[in-house]
Every structure is written in C-alpha cells, then in structure tokens.
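One structure is given here, and the rest of the page talks about it.
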Amino acid sequence: MSVSAVQWDKLRRLLGAILPENRFYADRLPAKWRPRTMDEFVGRCPLLTKHELVADREAHPPYGTNLTWPLERYTRFCQTSGTTGRPLPWLDTPEDWAAMLLCWRRVYEAAGVVPGRDRAFFAFTFGPFLGFWTAFEAALGMGVMAMPGGGLSSTARLQAMVENRATVLCCTPTYAVRLGEARVAHGIVTSVRLIIVAGEPGGSIEATRRRLTTLWPGAVVFDHHGLTEAGPVTHEEPGLPGFLRVIEESYFAEVLDVETGREVPDGSRGELVLTTLDRLGCPLLRYRTGDFVVKARAADGGLLLAGGILSRTDDMVVVRGVNIYPSAIEGVLRLFPEVAEYQVREEWVDGMLELRLVVEFHQDADAALVPVLEKSLTDALALRIPVEVFPPGSLPRFEFKARRWVKAPPAA
C-alpha cells in the first residue's frame, strides 16, 4: 500500500473515532463530516494553533476537552517543555503510546542501532517530557540495553558509559558538546560510535556536527526531531546528513506559507503543519507546530526537511531589515572551538531592536578572537553584532533545551 493510501486509511479511522466523541473537535468540525479526499480534508479542516490548545486547557483544567475516550483509559502523562509558554499536560492511552514507540523504533533502525549489540546511554534527567520516555522504552522494546543517566554529573555519566561500554549516546546537541568537552578534558576514552541528538536544531547544523565529531572521534551524529504534542516525527535521512525524513505513515505533514496558508513548492521555506494519524486519544488535526522548515524530497518521493528544523516561527527576529534565525548564529559560533558557551541578548536602542552576543571562552582562548568572531557574524548574516567576553563559568549550562536568547523589553 502506498504512503498516501496508508495516510488516507488512517485519517478516516481517526475521524471516525473522534467525531463526535471528542468535545474539542466536535466544536470545530461537523459531527458527521467524512471528507472524500485528502484535498477536501485540507480545505475544510481549520488549522490548529498552540494558543487554542492553551485556551482549551485553561477553560477546562487540567487536561482540556481534546480527549476522545473517558479519562480512565489514559495511562501516560507527559507535558511540553514550556520553552514558549506554560507547559501543557498531555495524556496518552496504551495504544497511542505503543504507536509512538514504533516511530522511535524507526528512528533507531534508520540510525543503524543493532539490538543485542548496542548499549544506549540516555544522558538527561528524566522529567515529564515525552521524548525521554519514548526513546528509552523503545530501546528496551527492541532489545537494546538502555541505561538511564539521570541525577549524575557529566563526569559520572562518562564513567558509567565507560564501565558499561555504551555504544550509543542520546541527548541534546548542546549537552553532547558539553559532555564531549568533559571527556576530552579528563582524557576519558569511550566506546560511543553513534550519537542520536534531538530537542534543538543543532543536529542538522553542519558546524555543530563537525564540532561533535571532533569531540567524539569515530562517532556518527544522527539527528531526530519530535514534540510532545505530536510524538517522534522525523529522523535523519540515512546518507544525507542535514536532511530529516518525516515518518509519513504516522503523520500527515504539510509545509505551509505562513502568510497565505498554502502549501509551498519543493525547495521553499514554510511552517511545518502536522496531523497525528496514530494518536487517537489526544489527536492533532492540522497543527501549526511553529517550526520553520525547507521542503524537499527523497529519491523515493518521501518528504524531507532540508537543514532540519531551522527555527521556530516565534524565535526569528528582524534586526534592521535582516531576518535572523538562532540556528544561523549557532552555525557561525560552532566553527570556533574556543567558544565554551554563549548568549544572544536582544536589546532596544533608540526604538530599534539590536543584538549583542555574550561569549565565554575556554581558559586557553585569546580575547583577540573577538574581532574575528564579529567579522564572521557580519559575513554570514550581513549584520554587525558586537561581541562581549564574560569570565569562564558565568553563563548558564544546559542538559535539555538550551535557552540562549535573552529578550529585553522595549524602553518606555
């Protein structure tokens, strides 16, 4: 069966299950509506925003009305990270959870993880975020030894990886860099051959990938992306670093122009919009993820995202007419291994938005690097961004999603 036929079959099953039982969608769609084509579904189903989900949770606490089944059928609780607002609780049935584990299995298989041979170390503190638990449980389910690294220092994690001969490391790109720097500083040799990263755009940024492979000699970097509201959505296309493949058997994905709401042509940038085809208990129909992507195609016609997740729509800033994405600044800074950590500060000067970059160098770096950094940023972004050096250890460190952009309110 073709991917489009699978999607259509699952969409009809989804709509049959949620209408009219799911109160949230019963208010958004005709009770007995059954689209005859995917084009009709796209044409008549309204786009869904996170603001609407938040409003529903606030009006009907704590879980909102986007529940297809009685509450007693739900067994899993997770919540969003809250990086762009208050965390949202999310519930799943055993069936929906199992479907997401199958998506993670797709990620592992595409990355080349071998059951019985590989041992995966999960270098993060397990909290209420869906990606941690689905990744861990999917590894267990396919026969991979899974080692939780919560509550440990970076040094203790490295020691555990050595003692247990971990071959796969799972964490954010930021923490993979931090852990790699600690490995080099302490002269620790590990068995890691594969680093699966997620949670930030860095896994598909070439400069970040090169930095990681320098810190972890012999290891392959493999990117993945997902979100609590949807689940594991993409994995790196094998043989095409920097390209993410959408798991289309589980997600109907659109890439839309943010101004017109129309599908963009291949090679163009737009916002990723998702319909969850296997998550019936708390589904998303045409959900605006807020992720900027470039639409591309694999050799077999599958949907790819060129450059991975470029940024979030609410992360892009316009400075003196220039569109600036966080991934673009990271792409420059990762070219300089002397940079230990950084922070971008948005400031209003004479009624205009300006950016200032604060960097922290490793101990042996020379402050003479500052003008080199400033020139590199200007060359890459066509915008002058002043650089200021802070003492080592003065900027925040991150294990989960890094929050390096600090916004100052406009002056009164």
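Taken together, the values in this text are just the output of simple stated rules run on the coordinates, not laboratory data. This one's a predicted model, so the numbers in the text were calculated from it and none came from an experiment. Please note: Cβ atoms are built from the backbone with ideal geometry, for glycine as well, and neighbour counts cover all protein chains shown.
L47 to E338: FRET efficiency via 1/(1 + (r/R0)^6), r the Cβ-Cβ distance, R0 41 Å, to the nearest 0.05?
Computed FRET efficiency for L47 and E338: 0.40.
Rounded to the nearest Å, what's the spacing between the alpha carbon centres of the stretch 68-138 and the stretch 346-385? Just the number, please.
38 Å
What Kirkwood Rh does the stretch 138-207 have if only Cα atoms enter the pairwise 1/r average? Answer in Å. Display every interim value, and only then the final one.
Working: mean 1/r = 0.0776 Å⁻¹.
Value: 12.9 Å, from the Cα pair sum.
Through the Karplus equation 6.51 cos²θ - 1.76 cosθ + 1.60, θ set to phi - 60°, convert the phi angles of the stretch 192-197 into ³J(HN,Hα) values in whole Hz; use x for Gly and Pro.
Values per residue, Gly and Pro as x: 5, 10, 8, 10, 9, 10 Hz.
Which one, F24, A299, T208, projects farthest toward the positive side of the charge dipole computed for the chain from Cβ point charges (K/R +1, D/E -1)?
F24
Taking the simple approach of a point 7 Å from Cα along Cα-to-Cβ for both I188 and R297, what is their distance in nm?
4.7 nm
Which percent, to the nearest 5, of DSSP beta bridges fully inside the stretch 317-412 are antiparallel?
Of those bridges, close to 65 percent are antiparallel.
With +1 on the Cβ of every Lys and Arg and -1 on the Cβ of every Asp and Glu, and nothing else charged, how large is the dipole of the chain about its Cα centre, in debye rounded to the nearest 20?
It works out to roughly 620 debye.
Based on the mean of other Cβ atoms within 10 Å per residue, sort peptides 102-115, 268-281 so the most packed one is first.
Ranked by mean Cβ neighbours within 10 Å, highest first: 268-281, 102-115.
Measure up K10/K407; K10/K50; K50/K407 against 31 Å on the Cα-Cα distance and list the ones that go over. Numbers along the way, then the final one.
Details: K10/K407 42 Å; K10/K50 23 Å; K50/K407 21 Å.
Beyond 31 Å: K10/K407.
Which residue, V6, S81, F361, has the largest displacement toward the positive end of the dipole of the chain when charges sit on each Cβ (Lys, Arg +1; Asp, Glu -1)?
Farthest towards the positive pole: V6.
Between E181 and R23, what is 0.36 nm times their sequence separation minus the Cα-Cα distance? Round to one decimal in nm.
Once the chain is fully extended between E181 and R23, it gains 51.9 nm.
Would you kindly state how much longer the chain becomes between S268 and E346 on full extension, computed as 0.36 nm times their sequence separation minus their alpha carbon distance, in nm to one decimal?
Details: separation 78, 0.36 × 78 = 28.08 nm, distance 2.80 nm.
That works out to 25.3 nm of additional length.
Given H placed on each backbone N at 1.01 Å, which residues far from V317 in sequence or on other chains put an amide H within less than 5 Å of it?
I324
Report, for the stretch 1-312, the % of DSSP beta bridges that are antiparallel, rounded to 5.
Numbers: 33 of 49 bridges.
Just about 65 percent of them are antiparallel.
Given [x] -0.87, -1.03, -1.19, -1.35; [y] -0.96, -1.11, -1.26, -1.40; [z] -1.08, -1.13, -1.17, -1.22, which label gives log10 I(q)/I(0) by the Debye sum over Cα atoms at q = 0.11, 0.12, 0.13, 0.14 Å⁻¹ as computed from the coordinates?
[x]
Could you go through the stretch 379-388 in sequence order and give the Karplus-derived ³J(HN,Hα) for each residue, using 6.51 cos²θ - 1.76 cosθ + 1.60 with θ = phi - 60°, rounded to whole Hz, and x for Gly and Pro?
Result, ordered by residue: 5, 7, 10, 6, 8, 7, 10, x, 10, 10 Hz.
Among rounded, prolate and oblate, which fits the stretch 90-171 when a ≥ b ≥ c are the square roots of the eigenvalues of its C-alpha gyration tensor, a/c under 1.5 means rounded, and a/b larger than b/c means prolate?
Taking the square roots of the gyration eigenvalues as a ≥ b ≥ c, the stretch 90-171 is oblate.
Please find the FRET efficiency linking E109 to F390, where r is the Cβ-Cβ separation and R0 is fixed at 41 Å, and quote it to the nearest 0.05.
0.45
Beta carbons within 10 angstrom, averaged per residue: use that to sort the peptides 198-206, 129-137, 3-11, 332-340, highest first.
Order by mean packing, descending: 198-206, 129-137, 332-340, 3-11.
Could you check the simple spin-label distance between T75 and V406, using points 7 Å along Cα→Cβ, in nm with one decimal?
The two pseudo-label positions are separated by 4.6 nm.
Considering amide H positions built from the backbone, and no H for Pro or chain starts, which residues 5 or more places from G242, or on another chain, come under 5 Å of its amide H?
none
For the stretch 58-64, just list the computed ³J(HN,Hα) in residue order, Karplus coefficients 6.51, -1.76 and 1.60, θ = phi - 60°, integers in Hz, with x standing in for Gly and Pro.
Once rounded to whole Hz, the list reads 5, 6, 9, x, x, 10, x.
Taking 0.36 nm per residue of separation and subtracting the Cα-Cα distance, what length does fully extending R13 through D379 add?
Here the answer is 126.6 nm.
Counting only helical runs of four or more DSSP H residues, what would the 222 nm mean residue ellipticity of the chain come to if each run contributes -39,500 (n - 2.57) and the total is spread over all its residues? Write out the running numbers ahead of the final one.
Numbers: 11 runs with 122 residues, N = 412.
One gets -9000 deg cm²/dmol as the mean residue ellipticity at 222 nm.
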